[in-house]
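The values are calculated or read from the model by the stated rules, or taken from the named source; none is laboratory data. Note that the structure is predicted; figures quoted are calculated from it, not measured. So basically every Cβ, Gly included, is an ideal-geometry build from the backbone, and we count neighbours across all protein chains shown. When the accessible area is computed, the model is the full protein with side chains, heavy atoms only, and any ligands, DNA or RNA have been set aside. Shrake-Rupley method; radii C 1.70, N 1.55, O 1.52, S 1.80 Å.
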Amino acid sequence: MRTLKYIGAAAAVLLLAALTLAIGLLRASLPRLEGASGEPGLTNVVRITRDSRGVPTIEAANRVDLAYATGFVHAQDRYFEMDLSRRLAAGELAELFGKVALEQDRKARLFRFRLVAREVIAQATAAERAVIEAYARGVNAGLAGLAGRPWEYWVLGQPPLPWRPEDTALVEHAMWWDLQANGLRREILRQEINARLGGPECGAGWKCGLSFLYPAGTSWDAPAAPASAAAVAAAQAPVPAAEVLDVRNGSAAATVPGSVPRASGAAGSNSWAVAGRLTATGAALIANDMHLGQRVPPVWYHARLRIVSSAAGAALDLNGVTLPGAPVLVAGSNAHIAWGFTNSYGSWLGVTKAPCGTVALSVVREEIRVHGQAAVVLEVKSGPAGVLLRADEAQHSCWFGSWLAQQAAATNLGLLALERATSVAEALALAPGVGIPHQNVVIGDAQGHIGWTIYGRIPEDTGATRARGGAPWTTTADHPRIEDPPLGRIWTANARVAADEHQLQLIGGDVATLGAEYDLGARASQIRDDLLALQGKITPADMLRIQLDDRAVFLARWRTLLLGVLDTEALRDHPRRAQVRQLIASWNGRASVDSVGYRLVRAYHDRTQQAVWGMLLAGLHLPAEQDAAPPAQFEGPLWQLVTAQPLHLLAKTYPGWPEFLRAQVDATIAELGASCPELAHCAWGAHNVVRIRHPLSRALPWLASFLDMPTVELPGDHDMPRVQDGAFGASERFAVSPGHEQQGYIQLPGGQSGHPLSPYYRAGFRQWALGTPLPFLPGPAEHTLTLTPD
């Protein structure tokens, strides 16, 4: 017995020693917050202070030293996040994670972004290169300045690799990937549908009937520039006749599939501008919440970047969010102007189908390194129409893809010039030369002016080959823009913003009449109405109320339709249907966590949408696969179908549309029953559970509660200003007037640090979840670190 006690005591000592060692290794990679450090890459002293939330204020004498210090801070707080971004774009994740990341690397490596990134750096101006190179030196100094490697690399058993200037361009390409890459598969689906539709063509090889399934717009459209009545009418294509598409009597036995992905609206955001004549300060007011997949640490890094100089015009004061991996302020204010972004959908890529073997291909062999295994060689095959994406052996057809992201001239550090702009007019003039993934940018200045344009280079060529390169880019003469509209308000929410036909053509190219992949306008129209309801003396607090608006305006007509479907006949001998009717009749009209009625109506809408889209695909002999999600604008034709109820577009399974719509009620009840057998307890919050996770927590489940943000139930959904769908939602929220930054607010779904032992790891998460504003400017300094030239 005594021996067992000794063994137990020894084991406890060993366990304690192991834990002490592990904690020691973890603590060694915490960033340095105070003291002084000699840095050979600097020309002047740099001061870095941190407030109670860990938000840094970096003060330097020039832009190059400011870039160095920004890289230093980014690396100390977020190096692993930066590393994943560059590896995602370059197709180099398997080198770190092993074969589990090999398939993703194969997809990304097709575009050879590391080679493109080197070209981006080579073509940069001397001033831009100086900033990028200083940033890279600062990143590597910050990494070397840690007492131990970042903790993630201890877990992975590998050392972090140094940062190179080209890696900053790769971080930009990672954003290209997140925001646009899925458009390639969506475009393949659109062309497959086009090839199977009957009826005449309406130009450029598109079938006239395609404009019904892919409308240019819907009744929800709310462009910031007024559209003509003719343009609105043109967006409402009629239901196609049987000779175009006949689901009921065609050769395919169309049925309702068990599951179809929801509409393809993905990367999204909200932003708007209010003119100074309507605000409490007289300066313009900018609000922005960019919607992305949320992770630990957050996508954005809050910072204040200052150049303190006695030289006239050299001083700079930047406040807002940066992207770890890049030395620029992405969104925020420079005291003269403020700006925010939303993803701009458009024709930024293209796909071409050709018989395999008829096109001469060039082949480049890319080596993908795989941790723990031999390297894998990927043959990247390209033809005149772009890189080979897919080969369908059964049909002897090959799909080729081209993408503006593959052109080095489409990516640059032009966003640096925005830092010095002092007016909306100056910021709009920069737009044609800024090379980023295409973004709606709203801008306001201290004089009260507001404007919208697209940051991202746009080809003058509007044909099907525009993404292949060779065409000149737009200039300030024709680049899309809106300046000081009469309403004094501009709003963007990934839907159509412009109304001018030429501007729409530049954005949409040859698919401008097919919606150009715009998101549904329901979110934009609700924001518009919220903004128009504000009449003067508008403040940042008004902006936050709009950002948190979870009213179910979009689903109100679906609730009415569902109440009509559940009539007396439908309820006879169906107690579950009767319960559904009772619950939706008493809904609160919001996507609140306690709303049962909202969850039921949303589930019914999604199920009906899936069923209708699946029937149409079956009628076209297309399988309802993962790549076959309906377009975001499908809500328009869907509503036409469930209200007009054309029999030739209904599967033979159903005698008529009333029976189909009732069947979707039963299917919805069955689907919900798996997670909540008691419908009365089937609240929206139980579905909208937000789990924001660290990339390694799934591999380390026993540490998940230590690594992840707290799990919460949140209000919000798609198609309303407060977007929240699980861990997809607002990656930041802010509102600010230039020159009045002290009145602004900001929220992020996590803290500044990527280190779980840091007091800043979760700082701000609770406020983000509750919608509580935090100061836009950093607070008083609690720590000071001085970097000196060495």
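In this structure, Thr668 qualifies as at pLDDT 95 or above and of a type in the set (S, T, N, Q). Among the residues of the range 498-521, those identified as open to solvent by 10 Å² or more (accessible area, probe 1.4 Å), closer than 16 Å to Ser347 by Cα and in a loop (DSSP other than H, G, I, E, B) are Glu517, Tyr518, Asp519. Within the range 211-227, can you find the residues that are among the small types (Gly, Ala, Ser), more than 19 Å from Asn440 (Cα to Cα) and part of a loop (DSSP other than H, G, I, E, B)? Once the filter is applied, which keeps residues that are among the small types (Gly, Ala, Ser), more than 19 Å from Asn440 (Cα to Cα) and part of a loop (DSSP other than H, G, I, E, B), the range 211-227 yields only Ser219. Looking at this structure, is Val131 of a type outside the set (S, T, N, Q) and touching a His at 6+ places or on another chain (Cβ under 7 Å)? The answer is no for Val131.
Do we find that Ala477 is surrounded by fewer than 18 Cβ atoms within 10 Å (Cβ to Cβ) and free of Cβ contacts under 8 Å to residues at least 12 places away in the same chain in this structure? Yes. Residues in the range 674-685 that are in contact with a helix residue (DSSP H, G or I) (Cβ under 8 Å, 6 or more places away or on another chain) and either open to solvent by less than 70 Å² (accessible area, probe 1.4 Å) or farther than 17 Å from Asp606 by Cα (or both): Cys676, Leu679, Ala680, His681, Cys682, Ala683, Trp684. Of all positions in the range 564-581, none carries a residue that is free of Cβ contacts under 8 Å to residues at least 60 places away in the same chain and open to solvent by less than 10 Å² (accessible area, probe 1.4 Å). Read through the list (1) in contact with a Gly (Cβ under 8 Å, 6 or more places away or on another chain); (2) hydrophobic (A, V, I, L, M, F, W, C); (3) over 19 Å from Leu323 (Cα atoms), then give the number of the only condition that Leu146 fails. It fails just one condition, (1). As a summary of the residue check, Ala90 satisfies the conditions (1) buried (at least 24 other Cβ atoms within 10 Å of the Cβ); (2) under 28 Å from Ala28 (Cα atoms) except for the one numbered (2).
Exactly one residue out of Ala512, Ala499 is within 30 Å of Asp717 (Cα to Cα), touching a Pro at 6+ places or on another chain (Cβ under 6 Å) and at pLDDT below 95: that is Ala499.
Restricting the range 706-744 to residues that are of a type in the set (Phe, Trp, Tyr) and open to solvent by 10 Å² or more (accessible area, probe 1.4 Å), which is farthest from the chain's Cα centre (by Cα)?
Per the criteria, the residue is Phe706.
Residues that are of a type in the set (A, V, I, L, M) and either part of a loop (DSSP other than H, G, I, E, B) or in contact with a strand residue (DSSP E or B) (Cβ under 6 Å, 6 or more places away or on another chain) (or both) within the range 188-210 comprise Ile188, Leu197, Ala204, listed in sequence order. Summed over the range 748-771, residues that are surrounded by fewer than 24 Cβ atoms within 10 Å (Cβ to Cβ) and not in a loop (DSSP other than H, G, I, E, B) total 5. Filtered by the rule that a residue be on the phi > 0 side of the Ramachandran plot and crowded, with 24+ Cβ neighbours inside 10 Å, the range 330-345 gives a lone residue, Gly332. Residues in the range 93-108 that are open to solvent by less than 20 Å² (accessible area, probe 1.4 Å), under 22 Å from the mean Cα position of the chain (by Cα) and in contact (Cβ under 8 Å) with a residue 12 or more places away in the chain: Asp105, Ala108.
Could you identify the single residue in Ala275, Ala315 that is crowded, with 22+ Cβ neighbours inside 10 Å and more than 16 Å from the chain's Cα centre (by Cα)? So the residue among Ala275, Ala315 that is crowded, with 22+ Cβ neighbours inside 10 Å and more than 16 Å from the chain's Cα centre (by Cα) is Ala275. The one condition from (1) open to solvent by 50 Å² or more (accessible area, probe 1.4 Å); (2) in contact (Cβ under 8 Å) with a residue 24 or more places away in the chain; (3) closer than 29 Å to Ser219 by Cβ that Gln645 does not meet is (2). Please tell me if Pro437 is surrounded by 23 or more Cβ atoms within 10 Å (Cβ to Cβ), at pLDDT 95 or above and part of a loop (DSSP other than H, G, I, E, B). Judged against the criteria, Pro437 is a match. Thr772 meets the conditions (1) under 24 Å from the mean Cα position of the chain (by Cα); (2) within 21 Å of Ser29 (Cβ to Cβ); (3) not hydrophobic (A, V, I, L, M, F, W, C) in every case but one. The failed one is (2).
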